[in-house]
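The values are calculated or read from the model by the stated rules, or taken from the named source; none is laboratory data. Owing to the predicted nature of the structure, the values given are computational and were not obtained by experimental measurement. Note that each Cβ is placed from the backbone with ideal geometry, even for glycine, and that neighbours are counted across all protein chains shown.
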Amino acid sequence: MQNRGLLKELIQSFCCLPGVGPKSAQRMAFHLLQRNRQGGEQLSRILAQALQEIAYCAECRTLTETKLCEVCANSQRDTGLLCVVESPADSWIIDQAIGFKGKYFILHGRLSPLDGIGPDQLGIDALEQRLQAGAISEIILATNSTVEGQATAHFIAEIAGKHNIRATRIAYGIPMGGELEFIDSSTLSHAFNGRREI
């Protein structure tokens, strides 16, 4: 009976991961116990070490094992360009997709007054200190195109304007290979409003 309780607890623990429901959690737990105990032990060890040693970068607030992450410590990066994103995963995606050469600032969320998330929870004061330092010439707002993401971008753009720093927003629109007849009207509207010369 105790074993069954432990198994149930293991399955419920997997449910803490985003997108993992009871069925997926059950499959993962049984897979590790039946077919890959060694992998489970390694996962347990690495997870415990990561939770102990990984913290936030002192400059951009991404996840890192050192005081400054690789991006912030890299003197080859353009300190005049600052890309603001909602999560560390967003900065990874941008770096891998386009090879962005500037620096980042991670908000760890977006403004959402209904959920109690305001400027203090997003580290806006730390962002403003970086803007006041004078090295930044352009801030690129790469928050998601949700209502909250748009509001967050607008709020930060106003702060940048106070410091005479150019604020730009990444364009949203039609994906590569997309056909107009399958694009929703909101996305199409963004694509038209974000058009540029070719």
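Listing for the model above:
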| quantity | calculated |
| --- | --- |
| K101 being surrounded by fewer than 16 Cβ atoms within 10 Å (Cβ to Cβ), basic (K, R) and not assigned by TED's automatic domain parsing to the domain that holds E148 | no |
| Some residue of segment 78-89 being touching a residue at least 24 places away in the same chain (Cβ under 8 Å), under 30 Å from S145 (Cα atoms), within 15 Å of the chain's Cα centre (by Cα) and assigned to a loop (DSSP other than H, G, I, E, B) | yes |
| Residue match in segment 33-45 (condition: outside any helix (DSSP H, G or I) and among the polar types (S, T, N, Q)) | yes |
| Residues of segment 124-179 satisfying the condition of being part of a strand (DSSP E or B), of a type in the set (D, E, K, R) and buried (at least 16 other Cβ atoms within 10 Å of the Cβ) | R169 |
| G177 vs. criteria under 28 Å from E70 (Cα atoms) and out of contact with any Cys (no Cβ under 9 Å at 6 or more places or on another chain) | no |
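The rows are residues; the columns are (1) in contact with a Phe, Trp or Tyr (Cβ under 6 Å, 6 or more places away or on another chain); (2) surrounded by 19 or more Cβ atoms within 10 Å (Cβ to Cβ); (3) not polar (S, T, N, Q).
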| position | (1), (2), (3) |
| --- | --- |
| R37 | no, no, yes |
| L43 | no, no, yes |
| L47 | no, no, yes |
| E53 | no, no, yes |
| D90 | no, yes, yes |
| I94 | yes, no, yes |
